[in-house]
Amino acid sequence: MKRTGALTAGLLTAVVAVTGCGTGTDASGTPDAGTNAGAGPTVVRVAAASDLKFALDDLLKDFHEEHPGTTVEVSYGSSGNFSTQLFNGAPFDVFLSADTAYPEMLREAGLTVEDSQFDYAVGRLVVWAGKDKKFGIEAEGLDRLTGPDIRRIAIANPDHAPYGVAAVAALKSAGVYEEVKGKLVMGDNIAQAAEFVTSGNADAGVIALSLAEAGPMKDRGDVAEVDLESYPRINQGGVIMKKSSDVEAAKALATYLTGPGAQEVLKSYGFFLPGQ
């Protein structure tokens, strides 16, 4: 089921649309114009953490089969940046964050549908370097990053990316942060951090397992999973926005993502599941 594709900085604003026929409403509650007796498809606009890129692309194919009258449009980026946009009225219906704190802040601000928060996955960190580097990452993991031959290490920006917060915590827990902090290059989100490594702009990276096991990174790198005890658990949660143009369609997507079929797909991409 897994897709392949280029991991580029363009992922920050990439949009995936899964289309179908059906009825929908615009933000004012007026039926959309379109075909099929004058009604267009229902549209669910999703702001999603970039670690979901490959998994969610596949999940949306299956969702469309179950909901052919719904179009899902996804923008991928950093959870913190999306949270800021949502506070400022960005027109997303569903927010899939790489943590649970940002959705909770939106809920506390009264911007979300009541009782609409849900947990959908738990992220995991790995150290990744291209096989051609022959760094021995698999054997040494985070400790190997202190070597003089590794000059640049990519992580997500901890100021607004949960995976960046986790990476810094892991480096500190391993006792190597002070040695490597001058080597760190910050991606705006975890997908851009991964792109830094695949493009050669970094020698190694502390990135999401879900990206390391899919797309252009699959089977191209040496990978060492980071000890789960060395960083805060990356509980990933979603929420439906109060300004959603179609709350019921948004709820259908949330229900699907937390169902057994979608959860198995997420697991196949390297996520742990809520409660594990």
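Could you tell me whether R151 is open to solvent by 50 Å² or more (accessible area, probe 1.4 Å) and either more than 17 Å from the chain's Cα centre (by Cα) or over 30 Å from E179 (Cβ atoms) (or both)? Before you say what the answer is, go through the steps one by one.
Values: open to solvent by 50 Å² or more (accessible area, probe 1.4 Å): yes; either more than 17 Å from the chain's Cα centre (by Cα) or over 30 Å from E179 (Cβ atoms) (or both): yes.
So R151 fits the description; yes.
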| message | With the requirement that a residue be surrounded by 20 or more Cβ atoms within 10 Å (Cβ to Cβ) and either touching a helix residue (DSSP H, G or I) at 6+ places or on another chain (Cβ under 7 Å) or farther than 13 Å from A254 by Cα (or both), what does region 47-60 give you? | response | A47, A48, A49, S50, D51, L52, K53, F54, A55, D57, L59
| message | Being open to solvent by less than 10 Å² (accessible area, probe 1.4 Å) and out of contact with any Leu (no Cβ under 7 Å at 6 or more places or on another chain) is true for just one of A202, A191. Which residue is that? | response | A202
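Please work out if E114 is open to solvent by 50 Å² or more (accessible area, probe 1.4 Å) and among the acidic types (D, E).
Numbers: open to solvent by 50 Å² or more (accessible area, probe 1.4 Å): yes; among the acidic types (D, E): yes.
So E114 fits the description; yes.
Quick one: is A170 closer than 30 Å to V72 by Cα and at pLDDT 95 or above?
Working: closer than 30 Å to V72 by Cα: no; at pLDDT 95 or above: yes.
Considered against the rule, which asks whether it is closer than 30 Å to V72 by Cα and at pLDDT 95 or above, A170 comes out as no.
Kindly provide the set of residues from region 158-175 that are touching a residue at least 40 places away in the same chain (Cβ under 8 Å) and buried (at least 22 other Cβ atoms within 10 Å of the Cβ), ordered by number. Break it down stepwise before answering.
Narrowing region 158-175 to residues touching a residue at least 40 places away in the same chain (Cβ under 8 Å): 159-163, 165-167, 169-170, 173-174.
The answer is A161, P162, Y163, V165, A166, A167, A170.
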| note | Screening F63, F95, F82 for residues that are touching a Pro at 6+ places or on another chain (Cβ under 8 Å) and open to solvent by less than 20 Å² (accessible area, probe 1.4 Å) leaves only F95
| query | If you take the residues in region 161-212 that are outside any helix (DSSP H, G or I) and among the charged types (D, E, K, R), which one is nearest to F54 (Cα to Cα)? | reply | D188
| field | Selection count where residues are open to solvent by less than 30 Å² (accessible area, probe 1.4 Å), part of a strand (DSSP E or B) and either of a type in the set (A, V, I, L, M, F, W, C) or under 16 Å from W128 (Cβ atoms) (or both), scope region 215-239 | value | 5
| When only residues in region 240-276 that are of a type in the set (S, T, Y) and more than 25 Å from N88 (Cα to Cα) count, which is most open to solvent (accessible area, probe 1.4 Å)? | T255
| field | Residue within region 248-259 that is out of contact with any Pro (no Cβ under 8 Å at 6 or more places or on another chain), in a helix (DSSP H, G or I), free of Cβ contacts under 8 Å to residues at least 60 places away in the same chain and more than 20 Å from P274 (Cα to Cα) present | value | yes
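The values are calculated or read from the model by the stated rules, or taken from the named source; none is laboratory data. As the structure is a computational prediction, the values presented were derived from the model and not from experiment. As a convention, Cβ positions derive from the backbone with ideal geometry for all residues, glycine included, and neighbour counts pool all protein chains shown. Side chains are part of the model used for accessible areas, which takes the heavy atoms of the whole protein and leaves out ligands, DNA and RNA. Shrake-Rupley method; radii C 1.70, N 1.55, O 1.52, S 1.80 Å.
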